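All remarks here apply to the structure that follows.
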Amino acid sequence: MDEKRLDCVHMTRRSIPSIDRLIQQYSDCGLPRGFLTAVIRKAVNEHRREAGTTEHLNASIRSAISGWKQQRIQPVINATGVVIHTNLGRAPLGQGVGEKLVQTGTQYSNLELDLGNGKRGSRGSYVEEALAILSGAEAATVVNNCAAALVLIIKALTERKKEVVVSRGELVQIGGGFRIPDILESAGATLREVGTTNRTSTKDYEKALGPETGMILKVHQSNFQVSGFVESVSHGELKKLGGRKRCPVVFDLGTGNLFPGLEVEGTATEPTPMQAINAGVDLVCFSGDKLMGGPQAGIIVGKRSLVSRLKKNPFFRALRCDKLILSGLQEVVEAYLGEEDGPVSPVAAMFEISADETKARCSSWKNVLSRSGLKMEVVEAPGTVGGGSLPGSSLKGFALAVRHVGLSAKKSLDFLRGGEVPVIGSIQSDRVLLNPRTVLEHQDPIVLKRLKELGQWEGLA
């Protein structure tokens with residue numbers, strides 16, 4: 001490096017503000033001091049290698065702060081119309097559940113204390129009994145998600161007999177790229193496929209069952225539909241077959257629907273754990289944070305002897321839920337078991353919103369924003385259930401289509417997402433769509449305020 005270049009680098013390095021000075025400069029950015037310090041040190045080290053300007057350093061720090069703030073888990077407003085939005089935390093919890101979590105989390109609780117005799121008690125025994133009563137099963141237990149529930153079941157029921165018999169049409173892929181065959185393999189089981197993608201008969205199962213069969217697994221096709229020349233075997237038929245072969249039948253329901261007869265346009269009736277238990281299925285596992293509308297949990301209901309076997313498996317401890325999940329789930333289950341009228345969760349309430357109600361709310365938003373400078377139109381925009389539940393479903397409704405005259409829909413959506421409380425919408429025909437079905441009513445003022453700010457924004461950095 002020549003002397004002039006070297007002198008320039010030295011001058012640039014000398015002009016870098018001290019770490020303490022930069023920390024003071026950005027102290028009100030919203031990040032904790034320790035995190036901010038690490039961000040600034042990294043930016044300064046990179047700046048020294050690149051020998052850029054002080055302005056460039058500050059731009060790097062601001063960009064890093066903004067990026068990390070957006071990565072923090074925080075409340076957002078779901079204006080997509082997707083009720084169970086996997087990217088947005090799936091089911092929102094009811095107000096009562098949130099209050100229960102605060103009470104339990106900020107105080108001691110009787111998590112493993114028997115208040116009757118003052119001795120060590122069983123974790124979650126009340127919730128387990130309530131879930132058993134709700135589903136009509138002999139017993140129940142809870143782990144941290146439905147995939148974990150399935151792994152636990154497979155590990156416990158295939159300790160000696162390794163084969164798990166599954167229809168080829170039910171070897172589904174769930175969220176995050178996880179596939180049923182992979183889950184079976186990770187649990188140490190051997191997959192025995194039967195039937196074809198579209199047709200599986202009782203005879204197919206009969207041929208597959210043998211001395212090494214540990215269980216029959218039926219998987220609900222919750223995130224896709226197969227129509228046309230199809231055939232599948234009912235829970236009742238599988239139970240008869242399993243009974244003759246002394247082989248337990250397990251149903252991975254997944255969706256956690258607890259509303260008998262729930263139908264959404266474009267889908268068949270969604271099954272429930274109660275229906276499977278009534279048909280004689282030995283174990284049913286399902287999610288707590290989808291159609292059930294509770295916290296993330298994997299719920300297992302069924303025969304007492306099998307549930308007891310699961311809980312005695314050493315793997316059970318690695319999958320058990322903490323006090324917050326059990327407390328929140330307890331609140332949700334009690335709501336289902338209570339005699340109160342009306343929906344028991346925000347998810348259930350969103351399903352009940354009519355198309356006319358969404359249209360009226362959109363019109364109200366449009367009236368409030370009449371002087372915002374935005375181009376707006378109330379358009380038909382069906383919502384969806386989401387969360388890998390009720391594929392092809394359609395919740396009739398309307399959305400507010402918003403267009404900024406000087407900005408693209410993408411930049412407008414980026415702006416809405418960058419607020420103190422991010423507003424998450426969607427894009428259609430170069431317009432931002434905001435669907436009120438999934439916007440809680442107390443969030444309306446935040447949405448309207450952010451839209452007014454969008455109308456005044458010129459896209460400047």
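The values are calculated or read from the model by the stated rules, or taken from the named source; none is laboratory data. On a predicted model such as this, the values are computed, not experimentally measured, just so you know. Every residue, glycine among them, receives a Cβ derived from its backbone with ideal geometry; neighbour counts consider all protein chains shown.
Below is a table of values for the structure above.
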{"quantity": "Restricting the stretch 71-95 to residues that are touching a residue at least 24 places away in the same chain (Cβ under 8 Å) and exposed (fewer than 15 other Cβ atoms within 10 Å of the Cβ), the residue that is nearest to the chain's Cα centre (by Cα)", "calculated": "THR86"}
{"quantity": "Near pairs, Cβ below 7 angstrom, 6+ apart or cross-chain, from the stretch 240-254 (at positive phi) to any residue that is buried (at least 24 other Cβ atoms within 10 Å of the Cβ) and aromatic (Phe, Trp, Tyr)", "calculated": "GLY254/PHE286"}
{"quantity": "Which listed residue, of GLU138, GLU212, GLU128, GLU185, is over 30 Å from LEU111 (Cβ atoms) and either surrounded by 18 or more Cβ atoms within 10 Å (Cβ to Cβ) or touching a residue at least 12 places away in the same chain (Cβ under 8 Å) (or both)", "calculated": "GLU212"}
{"quantity": "Counted residues, the stretch 195-205 - those being at pLDDT 90 or above and not polar (S, T, N, Q)", "calculated": "3"}
{"quantity": "Positions within the stretch 102-125 being within 25 Å of the chain's Cα centre (by Cα), more than 19 Å from LYS303 (Cα to Cα) and surrounded by 10 or more Cβ atoms within 10 Å (Cβ to Cβ), in sequence order", "calculated": "VAL102, GLN103, THR104, GLY105, ARG123"}
{"quantity": "ILE277, sole failed condition from (1) β-branched (Val, Ile, Thr); (2) buried (at least 24 other Cβ atoms within 10 Å of the Cβ); (3) in a helix (DSSP H, G or I)", "calculated": "(2)"}
{"quantity": "Test set (1) touching a strand residue (DSSP E or B) at 6+ places or on another chain (Cβ under 7 Å); (2) under 20 Å from SER345 (Cα atoms); (3) surrounded by fewer than 18 Cβ atoms within 10 Å (Cβ to Cβ); (4) not basic (Lys, Arg) - GLU377 fails condition number", "calculated": "(2)"}
{"quantity": "LEU113 being in contact (Cβ under 8 Å) with a residue 24 or more places away in the chain and not charged (D, E, K, R)", "calculated": "no"}
{"quantity": "Residue in the stretch 103-113 that is part of a helix (DSSP H, G or I) and touching a helix residue (DSSP H, G or I) at 6+ places or on another chain (Cβ under 6 Å) present", "calculated": "yes"}
{"quantity": "Residue, farthest from the chain's Cα centre (by Cα), within the stretch 165-180, restricted to residues that are assigned to a helix (DSSP H, G or I) and surrounded by 14 or more Cβ atoms within 10 Å (Cβ to Cβ)", "calculated": "ARG168"}
{"quantity": "Filtered residues of the stretch 131-151 (kept if touching a strand residue (DSSP E or B) at 6+ places or on another chain (Cβ under 6 Å) and in a helix (DSSP H, G or I))", "calculated": "LEU131, ALA132, SER135, CYS146, ALA148, ALA149, LEU150"}
{"quantity": "So LYS218, is it among the basic types (Lys, Arg), crowded, with 19+ Cβ neighbours inside 10 Å and modelled with pLDDT of 90 or more", "calculated": "yes"}
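For every residue, the table says whether it meets (1) in contact with a helix residue (DSSP H, G or I) (Cβ under 7 Å, 6 or more places away or on another chain); (2) farther than 30 Å from ASN257 by Cα; (3) surrounded by fewer than 15 Cβ atoms within 10 Å (Cβ to Cβ).
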residue: GLY383; (1), (2), (3): yes, no, no
residue: LEU407; (1), (2), (3): no, yes, no
residue: LEU416; (1), (2), (3): yes, yes, no
residue: GLY419; (1), (2), (3): yes, yes, no
residue: SER426; (1), (2), (3): no, no, no
residue: LEU451; (1), (2), (3): no, yes, no
